[in-house]
Amino acid sequence: MFGQSAWGWLPSLYLLLGGFAGGIALVSAAVRLACGGMRAEVDGSCALGSFPAVVSRLSLVLLLIGLTCLLLDVDNPDRALVLWDSFSNRNSWMAIGAWVLAVGCVVFAINLIFAVPKLRDALGEMLPQGGRGMMVVGNVVILISGIIGLVIATYTGVLLFAAESIPMWRTLTLPMLFLLSSCSMGVEVSMAILSFGTAFEGLRIASAHTLMTEIAVAGVLLGLGESGAMIMYVIGRSGAGTFCAQEIAKMLTGTLAPWFWGGAVVLGILVPFVCEMVLMTALRRDAHRAMSLRNALGRAQSGTMIVRSLFEGVLPMIAAVSSVVGSFALRCVVIAVGVHEPVAIARLVTASLGIS
């Protein structure tokens, strides 16, 4: 699949994990702040249970694994770790990205402290004004983690866009496509964690219904946006010259077609979109039924209601897995078409002689 020697599956995995980490950090920050932020998590007025701790751990682990993949792909990983040697090169997106990812690790680690109740309580005792100071600082940390997540998710596409010598990557549509794909992963995985976890224990069903409905709507909108960005990318690169048109043909009808249509389109967009539409319809139809699988099993219902609750509880997991697999396929396809345009012999000779 990968025809060039400089890029392979490790960069594709990094682009997936980096975007995944950024997307779920952004989505989880939005969910937590929408539910009242740190104050609500402390006093339990809008309890999200284990959700903050789970997504905070997940975003940090994903980013660290992604960075490891990136380091393993470079020739000298030990030199790549010396970030300050490249800090003076402000025109290098690699240097800028290295610092962004380093800051992201620190911010996500701090965010994890505020998300775990035991660590948060211990920190609250050390901060000025005790619990009140902890709530203020915690909300700021949640907000910053969401912003850093947005930057990291966008950067995974900007990194490819900055490669000026690769025609298939020189379009601003690519960072937009990667950002929407990352946010889509964040929404689908967040929905799955909320559905199968303990997020809504003790929470009013109406509040849980409202939150899940809003997340489902966001998933539908992101699916539409990602579809539009993908269409713009294909059309834009098709008209960017003969070489790009040939690479697009590989994606649509050639050797990359199974990865593009089956992976990026069907698994990455279509399956999550259909799942979110079904969930959104079900939520609107019955505003008083919780979507948690645990709640569904714990309630005495008829056989039909149990099957329906189980089905709708499993849908978020199907959407989450499908979105991640499809997003990886998308990045593999984009990496695979990221080759240099062949230079004709005549152009090479005239350039070497200084003839324009």
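Tabulated values for the structure
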read-out: The stretch 150-284, accessible area per residue, ligands and nucleic acids excluded (1.4 Å, Å²); value: 38 Å²
read-out: Estimated Rh, the stretch 139-286: Kirkwood, alpha-carbon pairs, angstrom; value: 17.2 Å
read-out: Highest-first arrangement of 62-68, 143-149, 324-330, where packing means the average Cβ count within 10 Å; value: 324-330, 143-149, 62-68
read-out: Spin-label model distance (nm) - Val234 vs Glu341, 7 Å beyond Cα toward Cβ; value: 2.3 nm
read-out: For Arg170, net neighbour charge (Lys/Arg +1, Asp/Glu -1) across residues whose Cβ lies under 10 Å away; value: 0
read-out: Label-to-label distance, nm, for residues given as Thr255 and Arg284 (7 Å Cα→Cβ offset); value: 4.6 nm
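The values are calculated or read from the model by the stated rules, or taken from the named source; none is laboratory data. Treat the numbers as computed from the prediction; the structure is a model and nothing was measured. Methodologically, a virtual Cβ is constructed for each residue, glycine included, from the backbone with ideal geometry; neighbour enumeration extends over all protein chains shown. Ligands, DNA and RNA are excluded from the accessible area calculation, which covers all protein heavy atoms including side chains. Shrake-Rupley method; radii C 1.70, N 1.55, O 1.52, S 1.80 Å.
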